[in-house]
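Since the structure comes first, as structure tokens, the remarks are kept for the end.
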Amino acid sequence: MIVTTTAASYPVVVESGALASLPERLPALGLRGALWLVCDGAVAERYGAPLAARLRAAGHTVHVFSVPPGDASKSPAQLAELHTWMISGGVERRDAVLALGGGVVGDLAGFAAATILRGVAVVQMPTTLLSMVDAAVGGKTGINHPLGKNLIGAFHQPRLVLADTDTLSSLPPRALREGWAEVIKHGVIRDAALFEDLERLAEGRGWSAQAPGGLWDAGDAGLTAQLSELIRRAVAVKVEVVSIDEFEQGERITLNYGHTVGHAVEQLSQYGLLHGEAVAVGMHAEARIAQLMDMCDGDMVGRQAALLHAYGLETALPAYDVDAILALAMRDKKVQAKKIRWVLPASVGAVRVRDDVPEGLLRRALHA
């Protein structure tokens with residue numbers, strides 16, 4: 001798959017064993033300077049150390065920095081640590097940052113690459129399902145602010161996205177489950193066939209709210225092949241949308257389905273909810289808004305909820321104050337002219353953007 005934007009054109013590789021191919025891919029990308037490998041602390045030993053050794057054996061200079069796991073690392077303080085590490089180490093403009101880990105490391109390291117020396121190259125190497133289908137593709141980088149999530153950042157397209165599906169076998173079940181929220185979201189916003197195939201797999205495997213599925217079983221070759229193909233198709237949705245709309249001026253806003261409410265509840269949970277868990281809650285709440293707006297029917301809302309449950313995700317909105325949710329939603333990046341632009345489903349495979357949702361209707365949906 002190739003992302004093509006006004007700023008860059010780059011390959012997105014989703015395959016088993018992809019990390020091992022990095023040394024042979026770098027020369028074709030023109031990356032011959034030092035490599036600054038930023039690893040999530042959870043994967044530094046398992047994947048970072050072998051990758052650094054492989055790169056050094058191929059003749060590259062490699063510096064390694066481990067970032068503590070969790071959303072707290074998307075902070076100005078952690079960004080400053082990365083800047084200091086690179087400047088002290090003699091970073092040059094011909095160098096490249098390698099981001100290895102989940103969405104937190106991808107966003108943080110990508111923003112460091114975008115801002116150090118006014119910009120150096122970055123290669124995104126996502127090791128979580130969530131980052132493979134969402135954060136690693138599209139060039140969005142950034143950190144959080146106490147007043148909101150992802151409010152400080154920059155668009156900085158990578159030179160390459162290398163998603164090694166073998167890394168999914170080491171994910172904890174909860175971390176794997178949250179990634180399916182973004183896969184399902186891509187089906188809702190743009191690919192009805194993907195959504196239906198996710199349903200068929202869940203039905204064929206007997207997955208339900210009582211027996212959540214979508215988990216990676218390296219011993220089941222048939223299942224991993226099916227899941228890998230679904231992941232590639234979900235990534236293809238992101239690739240297509242980013243190629244159409246690099247800077248989120250139009251079509252790309254649809255990728256934020258579930259995120260307006262999702263980011264609010266994620267922040268109110270003090271990041272106790274994982275991002276994908278919060279997005280699942282947001283998808284259900286925003287589908288309820290669409291239903292109350294007569295944009296979709298209850299069957300669509302029910303199908304989406306059933307599929308989220310089958311892949312192990314909750315949809316119930318936590319008992320947070322509705323005023324607090326709406327206040328955070330007003331700080332959302334999609335707010336325009338003081339109006340929240342809601343991405344709302346019209347049907348499976350199609351969404352619409354609305355900025356005319358009455359506050360009373362919002363309150364009804366969020367109290368449901």
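Key figures
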{"read-out": "The stretch 306-368 shape via C-alpha gyration tensor axes, a/c threshold 1.5", "value": "oblate"}
{"read-out": "For residue 148, distant residues with modelled amide H under 5 Å away", "value": "none"}
{"read-out": "Hits among aspartates and glutamates - C-alpha to C-alpha of residue 140 under 14 Å, sequence gap 8 or more where chains match", "value": "107, 245, 246, 248"}
{"read-out": "Hz values of 3J(HN,Hα) by residue in the stretch 11-21 - Karplus curve (6.51, -1.76, 1.60), Gly and Pro given as x", "value": "x, 10, 10, 10, 6, 5, x, 4, 4, 5, 8"}
{"read-out": "Sorted peptide list for 348-354, 215-221, criterion being average Cβ within 10 angstrom, highest first", "value": "348-354, 215-221"}
{"read-out": "Packing-based ranking, highest mean first, of 332-341, 119-128 given that Cβ atoms within 10 Å are counted", "value": "119-128, 332-341"}
{"read-out": "Out-of-range pairs (alpha-carbon distance over 24 Å; input 238/334; 74/333; 74/339; 238/338)", "value": "74/339; 238/338"}
{"read-out": "Nonlocal amide H pairs with residue 66, under 5 Å, H built at 1.01 Å", "value": "39"}
{"read-out": "Relative packing of peptides 160-167, 99-106, 284-291 - highest average C-beta neighbours within 10 Å first", "value": "99-106, 284-291, 160-167"}
{"read-out": "Span-rule helices in the chain, defined as complete DSSP H runs reaching 24 Å or more along the axis (Cα) with Kyte mean at least 0.0", "value": "221-244, 275-292"}
{"read-out": "Prolate/oblate/rounded label for the stretch 95-166 (Cα gyration tensor, a/c 1.5)", "value": "oblate"}
{"read-out": "Selection from 226, 237, 293, by position along the positive dipole direction of the stretch 180-367 (Cβ)", "value": "293"}
{"read-out": "Tensor-based shape of the stretch 205-290 (alpha-carbon gyration tensor, a/c under 1.5 rounded, otherwise prolate or oblate)", "value": "oblate"}
{"read-out": "Nonlocal amide H pairs with residue 156, under 5 Å, H built at 1.01 Å", "value": "140, 141"}
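Throughout, read-outs are computed from the coordinates displayed, never taken from laboratory work. No experiment lies behind these values; they were computed from the predicted model shown. All Cβ positions, glycine included, derive from the backbone under ideal geometry; neighbour counts span all protein chains shown.
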